[in-house]
1. Restrict the check to the range B:391-398 and report whether at least one residue is crowded, with 19+ Cβ neighbours inside 10 Å and closer than 30 Å to A:Gln90 by Cα.
2. Restricting attention to the range A:82-104, and to residues there that are surrounded by fewer than 24 Cβ atoms within 10 Å (Cβ to Cβ) and assigned to a helix (DSSP H, G or I), which single residue is nearest to the other protein chains (Cβ to nearest Cβ)?
3. Can you name every one of the strands (runs of 3 or more DSSP E) wholly within the range B:171-285 that holds 3 or more residues which are outside the structural domain of B:Thr519 (by TED's automatic domain parsing) and farther than 30 Å from B:Ser508 by Cβ?
4. Every residue in the range B:464-479 that is at pLDDT below 75, among the aliphatic types (A, V, I, L, M) and in a loop (DSSP other than H, G, I, E, B), please.
5. Is it the case that some residue within the range A:51-67 is of a type in the set (A, V, I, L, M), over 23 Å from A:Ile113 (Cβ atoms) and within 14 Å of chain B (Cβ to nearest Cβ)?
6. How many residues are out of contact with any helix residue (DSSP H, G or I) (no Cβ under 6 Å at 6 or more places or on another chain), of a type outside the set (Asp, Glu) and not in a loop (DSSP other than H, G, I, E, B) when one looks only at the range A:122-143?
7. Could you please find all residues in the range A:105-124 being within 23 Å of the chain's Cα centre (by Cα), under 18 Å from B:Tyr4 (Cβ atoms) and more than 10 Å from chain B (Cβ to nearest Cβ)?
8. Kindly evaluate A:Met183 against the criterion of being more than 14 Å from chain B (Cβ to nearest Cβ), at pLDDT below 90 and over 24 Å from A:Asn49 (Cα atoms).
Amino acid sequence: MIKITDLEKIYRTDLIETVAINKMSFEVRQGEFVAIMGPSGCGKSTLLNILGLLDDCDGGSFIFNGQEIAHFNEQKRAMLRKKNIGFVFQSFNLIDELTVYENVELPLIYNNIRPADRKVMVEETLEKMQIMHRKNHFPQQLSGGQQQRVAVARAVVNKPKLILADEPTGNLDSHNGNEVMDMLTSLNEAGTTIIMVTHSEHDAKFSHRIIRMLDGEKITENILRELDYIPDTDLKENA
Amino acid sequence: MITYYLKIAWRNFKSSKLFSLLNLLGLSVAIAVCIPLFLFIGKERSFDSGYANKDHIYRVNLIPHQKSDETWGSVPNAVAPAMMQDIPEISYAARMLKNGFGTPASLRVGQENFKEDLLYWSDPELFKIFDFQFTAGEGKNPLQEDNAAVINESESRRLFGEASPLGKTIIVDNGPTLVVRGVYKDLPDNSSIDPAMIANFKSSRMSRSIYWSNASYETFCLLKPGSDIKIVNQKVQALTAKYIKDPSDRWFSLSLQPLSEIHLHSAQVMDTYISRIGDIKTVRQIGLLGLLIILIACINYMNLATAKSEKRAREVGINKTLGATRKQMVLRFYADTALLAFLSVVTGFLLSFGSLFLFNSISGSHLAMTDLFGLPTLLFLMVIWVLVTLLAGSYPALLLSGSSALQLMQKRFHAGGLDRVLRKALVVVQFSCSIVLIIAIVIIYQQMRFVGNKNLGFKPDGVLMINISGVAKAQNLVGFTNEISQMPNVRNVAFLQSPPGFGASQRSLHKADAKSDLTLYTCHADAEVVPALGLHLLAGQSLPKQLAKTDSAVYVLANKKVVDFMGWTPEQAIGRKVDVDLGENAYIVGVVDNFNYLSLKSPIEPYIYYAANDAPESFNALMVKINTDQLAGTMDKIQSAFGKDVPSVAFDYSFLDSHLATLYNADRVMQRTVLLFSCLAIFVSCLGLFGLSAFMAEQKTKEIGIRKVLGASNFSISRMLSLHFLRLVVLSIIIGIPIAVYLMREWLSNFEYRIHISWLVVALAALSGLLIALITVSYQSVKASRANPVNSIKTE
């Protein structure tokens, strides 16, 4: 599903040049759950921003679903992003002025889904995330775990092919953290590709593979368990 | 999508109560102020638009050759007939002469007397030029008979009650008896001409001779459709050459002014009977002030919105991450502004009932409450709504929507400092306006006080003016004047052609060796004029008390300007002969110090009072100098004596000082308007400053906590927060002072006698602006400085 080759990201100021991603290459197959680990400042979040099409790269190749997108402008990236990618953030990033229902509905609005269909999809997702009873509450009225549940619901409501999770349990206690990880695992088992940045070895163990980074480079790659099902035809064609 | 935007906008409005209310209040007040201004401008621009022939009606103006910068609205009475006869493009021309050249008429209806300010003598053609709607009588040719008159409905009710006035008689100033032949609907109050009664010109004694000299007749004409105004103007100008044989008597030229320009472009036109005069400059100033206050309110919104942008950035970032396009985000922010602007428009509309009342009372306008519900007001509100939305919403919409999702979601988003620079610039713009307005208030107030206290060269206080133009002969008043002269509170009684402030006759002062004559003003008077007006005699004496019946001399009391022109000292002037177009035997008997008989906007002109048998001008006013200690009692006695001795004339009186004050009405309206606008503009600016200081205190909560932990005192914290804004206000003062001084010098240049702008006063005015700003921000600064540092540090 994703193949990056010699990917580079460099931050420049007047005085210094910082290489955030240094010629990094790896693949992620559809249905895979990949954890990216490394110390603070190693480039994990930068990599996730590029993979999530929030940021562009300065060099290398980035193939997404068989299409080279490294040269895409912001507008094209936004189109691709809203159709294919869901995000889960450490700080939940829910909109305070919207209710749970409305927060989850938001990606569907931007994807021009009809209101009647939106209602079905949102309610189905809220049921699945066991947060339906809180649908009219505002984020401030929820616990951290509940907020992250809503964030996950929002990330998956549009049935994206890929979910990017940036330290999804970072602001949660272990109980709520485990719940979120169970949720991500079951989504992955249902076929959604997940790339997760984390500091937690415990959380990383939920994945198929751990990529470890240091100073913008991939240093190791550990396969924890094999992917049972590989439906990624695009990748094969491009391989 | 729109529903979603509006929903989130409403929740945003509710969640930021302080900012929302500050914005709502500022914008509502601005809109409430703008509504009456809009109605005022609309009314001013609508003048004379109701006449069917409005595009073809012109007034004939006169430009005197001696003062080519002057334009007069009246011309000699020979002009209208000559135009009708000589110029084929003219369909009709009609003269309008206000009774007694502007002196109110005394009407006698049955046994009752009425004062009438709006009696005009006119030609029947007037009804072909302007469309009057007759509700009774002969509408097609209402002035067919020489003694015919028509009156408006209000006048009909006033003079005749509910009875039909047709065929009834009215005696004017104890002279001609008129017969009412028609009643017309009151002309709308956006009509330049405003007659309550129109009588046939042929009944006026001024119709007895047709001449090209005395220019006292307002003249209107109707051009045939398709006429070339340039050609007609040339033909009008050619009339003087044709009819005034002696070139030295051709002292003026003529020109046509379109009816559509009369109301707003005649502020400088002299000698017109039209009292409903506007000024395009005032309309522009009022429009500008309205825009200014809206702009200040919009700046508040932009400032508070940019201040909040750091908070809003994350939300926009999330939306963009979830797939929102830039266009959707722009719409999202405009929806925010549109909602607030809509609420402000509604609140402003409700407040406008009060502001309209306030505007009417300070400006003397008569804007109707019903105008608030008219289509133009509705359209105006919609335009304001869209304009405010686009203007105020532009910066947050374009700034935030243009940034990338990643930038927006960073912890401390700011648009490369641009937002902060802009915010500061906007505060400076706002306060510069406020400083200009504060200085303007002070200088206008000083000038008006100066005008009020200026020594005019005569003493107008306690001078009662009684209109006696309706009295056939001054001798008929002997009984009355004798009676009131005996009253303990009456000091002097003087007969005058016209009191100061009412104009006088213009004549020429000839001097043998001078290159040109001097235009001077003359006024028929008697001996009591000096004590009654408190004139200061420099040499000689007042006019003689009695004139022998055979005395053919003209006795002249001149002001110093006259003797200066002649090259004499006051003492040398006594007994000298002067040629002032009043006969060959005119002698100076006294010289008085210069005095301002018009407003202080005009320079002192040469002026003479004269006494003579068979004077060309009659006495129209009685000036009674009274002791005002027991004013009500004295007035009752004078009125009852008038009623007894002159039963056929209405008792029409006014006080000279009150009348002179009316000469500055427009300036006083401006004074009050600027005061109101300034207060509102400063209030709205302070709302913005208050909001910004609240925002800044909130944003700096952690910094304040850390500083306090490190030992900062409450005072140093509040000083730090206040200084941030006060620096901007100081910059505003530096920008505002030169602008204010420039504008005020322009305004003062309208006055011949004016104050000098004192830098101390300007500095004090500017300092008061600084103080207002300090008080505004200090509340938030002190509140923030007194917060517990432990809580402050916990906040983030």
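The values are calculated or read from the model by the stated rules, or taken from the named source; none is laboratory data. Keep in mind it's a predicted model, so treat the numbers as computed, not measured. Note that we place each Cβ from the backbone using ideal geometry, even for glycine, and neighbour counts take in every protein chain shown.
1. Within the range B:391-398, one or more residues are crowded, with 19+ Cβ neighbours inside 10 Å and closer than 30 Å to A:Gln90 by Cα.
2. A:Lys82
3. In the range B:171-285, B:177-184, B:197-200 are the strands (runs of 3 or more DSSP E) which contain 3 or more residues that are outside the structural domain of B:Thr519 (by TED's automatic domain parsing) and farther than 30 Å from B:Ser508 by Cβ.
4. Answer for the range B:464-479, where residues must be at pLDDT below 75, among the aliphatic types (A, V, I, L, M) and in a loop (DSSP other than H, G, I, E, B): just B:Ala472.
5. yes
6. 4
7. Once the filter is applied, which keeps residues that are within 23 Å of the chain's Cα centre (by Cα), under 18 Å from B:Tyr4 (Cβ atoms) and more than 10 Å from chain B (Cβ to nearest Cβ), the range A:105-124 yields A:Ile113, A:Arg118, A:Met121, A:Val122, A:Glu123.
8. On the way: more than 14 Å from chain B (Cβ to nearest Cβ): yes; at pLDDT below 90: yes; over 24 Å from A:Asn49 (Cα atoms): no.
So A:Met183 fails the test.
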